[in-house]
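The values are calculated or read from the model by the stated rules, or taken from the named source; none is laboratory data. None of these values were measured; they are calculated from a predicted model. Cβ: placed from backbone, ideal geometry, glycine included. Neighbour counts: every protein chain shown. For accessibility, only protein heavy atoms count, side chains too; no ligands or nucleic acids. Shrake-Rupley method; radii C 1.70, N 1.55, O 1.52, S 1.80 Å.
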Amino acid sequence: MYVVAKEGRLLGVLCLARTAIICAVLLVGCRDNTNELDVGRYQEATTPAAKLRFFDKNVTFAALNSGSSFKDLEAAFNAHVGAEYGIEVVVERMPAPSAEPAWETYKQSKDVDLVRRAAMDVTDELAKYRPERIRALPIGTIHFVKDMSAHGIPALGSSRDGDIYIRALPDDKSRRSVFQHELMHCIENGLHVTSDAALNEKLAKWDSTNPPGFTWTGEASANSSPPARGFIGSYATSSAVEDRAATWAKLMTDFDGTSNRFRSDPYLHAKSELLISIVQLMDPAVNASYLANVNGSAAQ
């Protein structure tokens, strides 16, 4: 889950870039598409600085733009993105109550245009992944909601029982980061099913990437300043699970935005290396070049 302070600010910046110098993307077509990328068949991958996408989002965008109701938006998304990635988007139907009613509450969005923009952002973020890799994950639906809270504290996103819940926020950067954050929770949960032993071996190393003497705060809504090294945002200090989700969101939405800090911080460097190796259990093609390319980073 991604929780915000009561005044509505993000609790900590979703943190992480990559410490290595961003590589030129030298991905070539291959006979075996299991571990390598055939860039030529994907949209927007014609130059080193282009954004690599694995799905033709323009068709979905056109369909979403032509919709005038929530039902139109659901139908447009599900006919294109849903069919390709095996995920359904839900706007009008509210999720079933949680087993802990006090934990999560939702309010239905009534802003069609805001949901439209949120659906476009999620489409673009999903297109950063190969469809067959996402289809293998236990993700059922994506719910766009107006407001959500956990124990009375406003939340930006959540994932539960294979479903993802996203607030349809005006800020596109927040929407994108929150979606990637919740998707990382789904990736990790999926890997427990498909690669449990290998995943647990890597997860056991996560605490070793923290500064000496650090202990998890266990407070999802902590407003305290993060440690000087090893973390960027307070939210990432709450637990190892949230640290990994926050880290992945940064890698997928702002790969090179904080690269200087990561080059100078051995703990953040170690987190990025270990997290990439975890996601490689889902898709072995994920590496520095892949991340630079989906973010449209120019070769350096």
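With each label point set 7 Å from Cα along the Cα-Cβ vector, what nm distance links residue 62 and residue 78? Once both label points are built, they end up 2.3 nm from each other.
The residues of the range 224-297 present an accessible area of 28 Å² per residue when probed at 1.4 Å with all protein chains retained. Spin-label pair residue 111-residue 135: with each label point 7 Å from Cα along the Cα-Cβ axis, the two points sit 3.5 nm from one another.
Per residue, the solvent-accessible area of the range 131-181 (1.4 Å probe, heavy atoms of protein chains only, all protein chains present) comes to 35 Å².
So for 205, 110, 271, what's the accessible-area order with a 1.4 Å probe, most first?
Heavy-atom accessible area, descending, gives 110, 205, 271.
Please give, to one decimal in nm, the separation of the simple spin-label points placed at residue 280 and residue 194, each 7 Å out from Cα toward the Cβ. So the label points at residue 280 and residue 194 sit 1.6 nm apart. The 1.4 Å probe gives accessible areas that order 181, 192, largest first, as 192, 181. Of all lysines in the structure, those lying under 17 Å Cα to Cα from residue 250, and not within fewer than 8 positions of it along the same chain, are 51, 128, 173, 271.
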